[in-house]
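Okay, so here's the structure we're looking at.
Any read-out appearing in this document is the output of simple, stated calculations on the displayed coordinates, not a laboratory observation. All values reported here derive from a predicted model rather than from experimental measurement. A quick note on method: Cβ atoms are made from the backbone with ideal geometry, for glycine too, and the neighbour counts reach across all protein chains shown.
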Amino acid sequence: MKRLLQILASLFFLLAPLATHGKAIKTTSFSSSSLNPDTAIVNIIYKNGLLNIKGLTGTGNITVYSIIGNEIGAYYNVNLVNFQRSIVLDRKTMFIIRVEIAGEIKTYKLVTR
């Protein structure tokens, strides 16, 4: 029961920003969302087992979660310029991508095809 409450609380905090700020991102094609409306566009693409994130600069953390809050992959203190990592994600499934840069956290939905 305690574990279920932890999962539900984690899911709430992951999805709360999506209610007002996030945009649905579909993969294996082109999709975008803005980290800051006055700056560059962030492109998140998942194709052939590769997660690509373009439009970010500097160093930060990226975490991939399943829709129920399970951590699928985490990349800490990585160079975010043209970020590319091999990761296996199930087809026809929604994932949450959490990007942390200089204390600012943004979340994005990722739907694989």
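Close amide H pairs (under 5 Å, H built 1.01 Å from N) link THR93 with THR112, residues at least 5 positions away or on another chain. Packing here is the average count of other Cβ atoms within 10 Å per residue, and on that basis the peptides 81-92, 51-62, highest first, run 51-62, 81-92.
Subtracting the Cα-Cα distance of MET94 and THR112 from 0.36 nm times their residue separation leaves 5.8 nm of extension gain.
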